[in-house]
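As structure tokens, the structure follows; a few thoughts come after it.
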Amino acid sequence: MSLSVALTKGRLEKKTVAMLERMGYGTENLKDKGRALVFEDTKKDIRYFLVKSNDVITYVNHGVADIGVVGKDTLMERGNQNYELLDLEFGKCKFCVASLPDQDVFQKVGHVKIGTKYPQVAREYFLSRGIDVEVIKIDGSVELAPILGLADGIVDIVETGTTLKENGLVILEEVCEISARVIVNKASFKLKRNEIMAVVRDLESVVKEDAHKNGFEG
Ligand code: PRP
């Protein structure tokens, strides 16, 4: 039975395709893609499509994709009704609370405003800390919000820390670590278990190979 796999375009795309290539899958079409959005594997009975992270979850939710590769950040924000079978250990970054150095949102008395692309994650985190905040949804360049006074602080993903640094913001707290995950539609898993597990095992062997290598390199 053929498989449909939804991949996140952009940030995770290159590493996902590189991983498929190392698994010996036929990635030629994915690498030379032009404006196409659907790609047949040249060796396996698999069809890939490249979409935005939120849409990966939507396609897997509806069973249109059997498998999805998506960041844990999006899964946390959206909630996950599918199986999360594997941590691919790339696309690593952290959810952080950050602000201007003289603006510690955890010390502020009174109304606190948090700007973020991830309102659900931000709300849950501050709730877990027993702090009532107003969450303001922003679609990008979140670091601007405290600089321009739209928010007291932000909840955002930090990878290298460069964006924070270049905008004079500091990390106040780390919320949790994030990386790319493999999700599987529950009905697909019943119907195509062998095919899906074959892909998951191939992915896992590359993840383990890298972990082994990194272990040796310290
Ligand atoms: C993300 C995030 C930060 C930046 C962090 O934004 O929201 O702005 O990357 O990366 P760094 O720690 O390596 O500097 P993205 O690049 O996805 O763009 P956006 O702000 O337009 O969403």
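The values are calculated or read from the model by the stated rules, or taken from the named source; none is laboratory data. Only a predicted model underlies this, so the values are computations on that prediction, with no experimental measurement involved. Every residue, glycine among them, receives a Cβ derived from its backbone with ideal geometry; neighbour counts consider all protein chains shown.
Of 93, 176, which residue is surrounded by fewer than 17 Cβ atoms within 10 Å (Cβ to Cβ) and within 16 Å of the ligand (Cβ to nearest atom)? Of the residues listed, the single one that is surrounded by fewer than 17 Cβ atoms within 10 Å (Cβ to Cβ) and within 16 Å of the ligand (Cβ to nearest atom) is 176. For the residues 61, 54, 82, the requirement of being of a type outside the set (Val, Ile, Thr), on the phi < 0 side of the Ramachandran plot, modelled with pLDDT of 95 or more and crowded, with 22+ Cβ neighbours inside 10 Å singles out 82. Within region 117-131, one or more residues are loosely packed, with under 14 Cβ neighbours inside 10 Å, over 24 Å from the mean Cα position of the chain (by Cα) and more than 13 Å from the ligand (Cβ to nearest atom). Scanning region 145-163 for residues that are under 16 Å from residue 95 (Cβ atoms), within 6 Å of the ligand (Cβ to nearest atom) and not in a loop (DSSP other than H, G, I, E, B) turns up 156, 157, 158, 163. Any residue at all in region 14-26 that is in contact with a helix residue (DSSP H, G or I) (Cβ under 6 Å, 6 or more places away or on another chain) and more than 21 Å from residue 83 (Cβ to Cβ)? Yes: region 14-26 contains one or more residues that are in contact with a helix residue (DSSP H, G or I) (Cβ under 6 Å, 6 or more places away or on another chain) and more than 21 Å from residue 83 (Cβ to Cβ). Filtering 22, 47 for residues that are away from the ligand (no atom under 16 Å from the Cβ) and out of contact with any strand residue (DSSP E or B) (no Cβ under 9 Å at 6 or more places or on another chain) leaves a single hit, 22.
Could you list, in sequence order, the residues of region 170-218 that are in a strand (DSSP E or B) and among the hydrophobic types (A, V, I, L, M, F, W, C)? Those that are in a strand (DSSP E or B) and among the hydrophobic types (A, V, I, L, M, F, W, C): 170, 171, 172, 175, 176, 178, 180, 182, 183, 184. Restricted to strands (runs of 3 or more DSSP E) entirely inside region 1-111, those with at least 2 residues that are touching a residue at least 40 places away in the same chain (Cβ under 8 Å) and under 12 Å from residue 183 (Cα atoms) are 3-8, 67-71, 83-87. Of the candidates 201, 181, the single residue that is away from the ligand (no atom under 13 Å from the Cβ) and closer than 18 Å to residue 94 by Cβ is 181.
Listed conditions (1) touching a strand residue (DSSP E or B) at 6+ places or on another chain (Cβ under 7 Å); (2) not in a strand (DSSP E or B) are all met by residue 127, apart from (1).
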